[in-house]
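Participant: Pasting a structure here, questions to come.
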Amino acid sequence: MDKNLIQRTISGIAYVAIIILCTTPLGAQLINSISPGLIQQQYLYHGLICLLLIVGSWECIKIMKFGKGYEKWVVFPLVIFIFYIFSKRYFHHDFFFDFRLSEILALSLIGIAVVTLFKYPNELYYDSGKLIFTVIYVALPFSFALGLPKFSAYNDTFSLEVLFLFILIWSSDTFAYLVGKFFGKHKMAPKISPKKTWEGYAGGVILTLILSYFVEHYQPELRGNWMMVGFLVAAFAPLGDLVESQLKRNFGVKDSGNIIPGHGGVLDRLDSFIICVPVVYLYFILEKFI
């Protein structure tokens, strides 16, 4: 058997297992079965997002090839400060999904960063532009991710919004790949991602909507309508892949890193998650007013 396939399989299983253990009550239950009362699930989830944030920031710094100026050394302090602000809100249950000016501004900045990457890439060749893009592209989505699950420290409950978000993203990517492989003829963005087709995109949307119907039907306690969440994920997950592909293409990089053997780096694996999180977060804001 191909050694690379074995490596990809093992690392892929480990990656999925870590996601499941950190986004469901299973992680805390497993640890507490060994040492009772050692940890609550929200700390595992917070730790996972924090790790992804730090590694993702480092990968973005390497991709964008910062110069010798001060900007490279300002990235982590800014990223950590933003994450700290959101962390305080997370542990004080302060994510109310209201129209707060700060949240709308932060969500808007993510959209502006994406537009800049595609339309005004020359701005990212300056270290100041690299600094701003890295902070917006990495820090804000992972920080918003803290607001998606609900938890209670009193009865050990932890909701599963993030787990099912991952599942829908994985399904969207898988279905789009399979449909595109067998039926794809019309390229979506041949210069950025040659394998993506409009047929694959449509297949990903349709089949992810079918899966999201079952999520909505069997997980009624989840926040929001998951048919809508499934549609948003299927619609925007490919954009996440295109954003990261364009970023790597602009700077002549193949993979963001190698922390997941055979699969690349954190940004390679979570490119869709990075875009889908703010979109779903915005939906949860709007959903309260519908």
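Participant: Given a 1.4 Å probe and the protein chains all in place, what does the accessible area of Met227 round to, in Å² to the nearest 10?
Facilitator: 70 Å²
Participant: Further, regarding this structure: So if each residue of separation counts as 0.36 nm, and I subtract the Cα-Cα distance between Tyr15 and Asn32, what length gain in nm does that give?
Facilitator: Using 0.36 nm per residue and subtracting the Cα-Cα distance, I get 4.0 nm.
Participant: Next question, about the same structure. State, as an integer percentage, the relative contact order of the stretch 225-290 based on alpha-carbon contacts under 8 Å between residues 6 or more apart.
Facilitator: Reported as a whole number, the value is 38 percent.
Participant: Using r as the Cβ-Cβ distance of Asn250 and Ile85, and R0 as 41 Å, what FRET efficiency do you calculate, to the nearest 0.05?
Facilitator: With a Förster radius of 41 Å, E is 0.90.
Participant: Keeping all protein chains in place, calculate the accessible area per residue for the chain (probe 1.4 angstrom), answer in Å².
Facilitator: It amounts to 51 Å² per residue over the chain.
Participant: For semi-axes √(5λ) of the Cα gyration tensor in Å, several values are listed as (1) 28, 24, 21; (2) 45, 36, 17; (3) 32, 23, 17; flag the one computed from this structure.
Facilitator: (1)
Participant: Express in nm, to one decimal, how much length is gained between Lys185 and Asn225 on full extension, taking 0.36 nm for each residue of separation and deducting their alpha carbon distance.
Facilitator: 11.1 nm
Participant: If you take the charge dipole of the stretch 3-289 about its Cα centre, with +1 on Lys and Arg Cβ and -1 on Asp and Glu Cβ, which of Phe118, Phe284, Gly56 is farthest toward its positive end?
Facilitator: Farthest along the dipole direction, towards plus: Phe118.
Participant: Here's a follow-up. At a 1.4 Å probe, what is the % contribution of carbon and sulfur to the accessible area of the chain?
Facilitator: Exposed carbon and sulfur together represent 68 percent of the surface.
Participant: Suppose every K and R has +1 on its Cβ and every D and E has -1 on its Cβ; what is the size of the dipole of the stretch 3-289 about the Cα centre, in Debye to the nearest 20?
Facilitator: Result for the stretch 3-289 is approximately 940 debye, rounded to the nearest 20.
Participant: Hey, how many Å between the Cα centroid of the stretch 170-247 and the Cα centroid of the stretch 17-70?
Facilitator: Each part's Cα centre sits 25 Å from the other's.
Participant: Where in the stretch 189-290 are there chymotrypsin sites (Phe, Trp or Tyr not before Pro) that are in a DSSP coil and have at most 11 other Cβ atoms within 10 angstrom of their Cβ?
Facilitator: Passing sites in the stretch 189-290 are Phe289.
Participant: Further question: Round to a whole angstrom and tell me the spacing of the C-alpha centers of the stretch 104-153 and the stretch 263-281.
Facilitator: When both Cα centres are located, 12 Å separates them.
The values are calculated or read from the model by the stated rules, or taken from the named source; none is laboratory data. What you see is a predicted model, and the numbers here were worked out from it, not measured in a lab. Glycine also receives a Cβ, built like all others from the backbone with ideal geometry; neighbour counts cover every protein chain displayed. SASA here: full protein model, heavy atoms, side chains in, ligands and nucleic acids out. Shrake-Rupley method; radii C 1.70, N 1.55, O 1.52, S 1.80 Å.
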